[in-house]
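Remarks on the structure that follows.
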Amino acid sequence: MRRLSEDLTRTAVETAMWCKVRLGSRVDPMGLRSIELRPSRELVTTDLIDVKVADRSLCIGIVGEVAIRRRRLLKENGWVWNGERIEDQDGRLLIFHHDLTLSDGGAADLSGGLFDSNNQPPWDTWIGYLEESDSESSGLVSWVPGSLMKNAENGIYANPERSLEWL
């Protein structure tokens, strides 16, 4: 597993906790697209002709806005990060390379709706945006709860352009 900064680790653990509370005992990916965390803009949009991808600085802002709202809501409900590690949570980190997506809907179909038609993971799972470093491309880091691992695997399998990968 890739080593995350302390701030990204905190946000990842907060995300895992949020997803655990949102899902409860259900295995329904649609429960991870809450009204409370809905972003002001999408990272990828499509129309009948074109796929439009937000630039990286905009993506950082959009994802950061979701993380700040989630942190505030968790705190209001009495949950505070106490140094827990993401490696101790039930799930896995995923990266979505939004600039590679074909937006063909295959991942949405095979993942049971975990990914949308643009291959975006649900916004409740968004952790942060990693800038390009070395040979890795930039992308949205998100959390896949253990109960949705099979959904994610199916979506990754349906994704020939490799815009979805495990971290």
Within the chain, helix-based [θ] at 222 nm, where runs of 4 or more DSSP H residues each add -39,500 (n - 2.57), nearest 500: -10000 deg cm²/dmol
Angle between the chain longest axis and helix 6-23 axis [Cα atoms, degrees, rounded to 10]: 90
Among Leu140, Leu102, Leu114, residue whose mean-square fluctuation peaks in a GNM of the chain (springs only between Cα atoms under 10 Å): Leu102
Inter-label distance, nm, simple model (7 Å from Cα along the C-beta direction), Lys150/Leu58: 3.8
Loop-exposed trypsin sites (Lys or Arg not before Pro) per DSSP, neighbour cap 11 Cβ within 10 angstrom, longest uninterrupted part of the chain: 86-161
Highest-MSF residue in the chain out of Ser25, Ser142, Ser111 [GNM, Cα springs under 10 Å]: Ser25
Highest-MSF residue in the chain out of Trp81, Trp126, Trp18 [GNM, Cα springs under 10 Å]: Trp81
Length gained when the stretch Thr46-Asp7 is fully extended (0.36 nm per residue, less Cα-Cα span): 10.8 nm
The chain: relative contact order in percent, alpha carbon pairs under 8 Å with at least 6 residues between: 30
Length added when fully stretched, Asp109-Trp166, from 0.36 nm per residue minus Cα-Cα: 18.6 nm
The chain: angle of helix 56-76 to the longest principal axis, Cα-based, in degrees nearest 10: 30
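Bear in mind that the values in this text are calculations on the coordinates, not laboratory data. All values derive from a computational prediction rather than experimental measurement. Neighbour counts are summed over all protein chains in view; Cβ atoms, including those assigned to glycine, are modelled from backbone coordinates with ideal geometry.
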